1. Answer with yes or no whether A392 is farther than 14 Å from A330 by Cα, more than 23 Å from the chain's Cα centre (by Cα) and without any contact (Cβ under 8 Å) to a residue 60 or more places away in the chain.
2. Condition first: at pLDDT 95 or above, hydroxyl-bearing (S, T, Y) and out of contact with any helix residue (DSSP H, G or I) (no Cβ under 7 Å at 6 or more places or on another chain). Now tell me which residues in segment 279-301 satisfy that.
3. Read through the list (1) within 28 Å of F248 (Cβ to Cβ); (2) of a type in the set (D, E, K, R); (3) assigned to a loop (DSSP other than H, G, I, E, B); (4) in the same structural domain as F498 (by TED's automatic domain parsing), then give the number of the only condition that D267 fails.
4. Can you tell me which condition A287 does not meet? The list is (1) under 29 Å from T165 (Cα atoms); (2) in contact with a Ser or Thr (Cβ under 7 Å, 6 or more places away or on another chain); (3) assigned to a loop (DSSP other than H, G, I, E, B); (4) assigned by TED's automatic domain parsing to the domain that holds P429, and all the others hold.
5. Which of the residues spanning segment 72-87 are loosely packed, with under 14 Cβ neighbours inside 10 Å and part of a strand (DSSP E or B)?
6. Can you tell me which residue within segment 147-165, out of those that are part of a loop (DSSP other than H, G, I, E, B) and free of Cβ contacts under 8 Å to residues at least 40 places away in the same chain, is farthest from A256 (Cα to Cα)?
7. Go through (1) at pLDDT 95 or above; (2) over 17 Å from the mean Cα position of the chain (by Cα); (3) farther than 23 Å from T334 by Cα one by one and return the number of the condition D243 breaks.
8. Among (1) part of a loop (DSSP other than H, G, I, E, B); (2) under 17 Å from the mean Cα position of the chain (by Cα); (3) farther than 22 Å from G245 by Cβ, which single condition is A330 missing?
Amino acid sequence: MTDNWKAELDELAKRQKLAEKMGGAAKLKRQKERGKLNVRERMDILLDEGSFREIGKIAGKGTYDAKGDLEDFAPSNFIFGRGDIAGRPVVATADDFTVRGGAADASIHRKFTQAEQMAHEMRLPLIRMIDGTGGGGSVKMIEDMGFTYVPYVPGWDHVVKNLDTVPVVALALGPTAGLGAARAVASHYSVMVKGLSQIFTAGPQVVAALGEMQDKESLGGSIIHTRNGVIDDEAKDETEAFDMGKRFLSYLPSYAGAELQRSENNDPIDRKDEALLSIVPRDKSKAYNMRRIVESVADQGSVFEMGRRWGRAVITAFARFDGWPVAVLASDPTFLGGSWTADTAEKAKRFTALAEQFGMPVIHLVDNPGFMIGLEAERTATIRRGVETMNAIYKSTVPWANVIIRKAYGVAGAAMSNHTRFQYRFGWPSGDWGSLPIDGGVEVAYQAELQASKNPDKKLAEIKDRLAKVTSPFRTAEHFAVEDIIDPRETRKLLCEFVNLAMR
């Protein structure tokens with residue numbers, strides 16, 4: 001049988017092979033010398049073996065001889081397609097820094113738009129591997145075009161839609177500026193590689209015009225952006241970044257409204273951890289390890305914390321309870337006693353919104369002495385950020401369960417849940433709550449009584465002993481102002497019961 005289209009198929013194969021050379025041997029060598037993987041190596045490591053189907057592989061710019069025959073081909077510096085992660089289909093995109101440093105070319109805008117649109121319309125999780133300007137412009141490009149244009153971002157409407165419809169992961173894998181930085185931030189979960197990736201609105205050479213002399217790392221390294229909330233987490237290398245992104249996706253449905261997926265659970269729901277009986281010290285001024293509690297009550301090995309380096313008074317993590325994925329909020333008494341700062345409130349608000357969007361039950365382990373006070377707290381608008389978080393919690397419609405581990409004071413303590421909903425809530429015997437802490441105000445409140453006493457120290461001890469009895473959590477339970485006081489060892493069993501009821 002004669003193949004009528006052999007010449008065309010041969011040219012297709014030629015173009016595909018030329019696309020695989022990326023920016024050429026010299027630039028690939030330079031990429032490797034910088035300690036970076038190339039764009040196709042990244043796809044191979046991120047996705048299940050053999051699952052990637054590239055879309056638009058032969059888009060780019062060809063050069064032709066006098067007869068109009070193809071001489072060479074420069075591929076687009078943006079590749080995308082569908083692939084699988086743990087057998088689940090996703091859209092994966094990657095910037096190729098070896099092709100014109102990741103700056104925009106003739107095909108990248110349409111490819112970028114199509115990739116975002118595919119994720120949105122096909123309801124597929126999206127992973128962006130960002131390296132460079134990520135489709136932004138360059139001075140050289142302006143000269144090549146011969147004109148300038150009023151700025152706009154092709155495809156950004158789909159970026160916005162994706163934030164409402166599918167899980168979006170952004171992995172910053174090199175110096176990332178302008179539009180690339182914006183794409184990193186416009187995600188549900190983001191990772192930088194320590195020492196390898198930097199993020200900035202404009203790079204050091206541009207900033208130098210302001211008189212600021214910085215290098216890439218000092219201007220926008222991970223030590224900055226994983227501690228100010230711009231980026232969620234820091235990885236030690238690219239492979240760890242891929243693993244972090246994949247683990248994040250493993251807890252979420254493929255799109256908003258899809259059912260959560262239960263994993264097999266071999267951890268008994270009635271498992272009791274004796275260490276929980278002594279983990280909270282009697283001395284209220286002493287801290288303890290809240291992460292140890294989270295690890296204890298969740299399915300073993302299932303906890304995935306995100307954003308550990310910023311908003312540190314609250315822990316935000318995914319975990320599984322009897323196999324079901326759950327969003328966990330937990331106070332961290334080792335940082336400012338667990339007091340909410342402005343960035344802590346912002347972190348809690350974002351995590352609450354994430355759980356709400358993807359229909360995840362929330363478990364909140366509470367030890368909150370209130371909003372942070374002082375001049376810095378006022379300067380950073382702590383009360384405004386805190387109230388915004390409280391409003392987000394009140395708007396939440398997914399099931400919530402609260403375990404009051406120790407402190408719950410004031411407005412911040414009240415933000416543990418929407419009090420108008422059914423309170424699936426437990427208190428530990430260490431529970432300590434109220435409109436304000438009484439310990440520091442006893443001398444003021446009982447000043448006259450103490451001054452009249454012949455032995456003020458003895459009288460103060462007597463008053464504190466009386467108040468300790470009044471503030472017992474059992475007095476609160478008598479009035480059903482807290483629903484149940486529980487043995488800490490029962491916490492896992494009761495939370496698994498909550499999650500199974502919620503997931504019915």
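1. No: the conditions fail for A392.
2. Y288
3. Result: D267 fails condition (4) only.
4. (1)
5. D72 - this is the single residue of segment 72-87 that is loosely packed, with under 14 Cβ neighbours inside 10 Å and part of a strand (DSSP E or B).
6. F147
7. (2)
8. (1)
The values are calculated or read from the model by the stated rules, or taken from the named source; none is laboratory data. Source: prediction; values computed, not measured. Here Cβ is always computed from backbone atoms with ideal geometry, including for glycine, and neighbour counts include all displayed protein chains.
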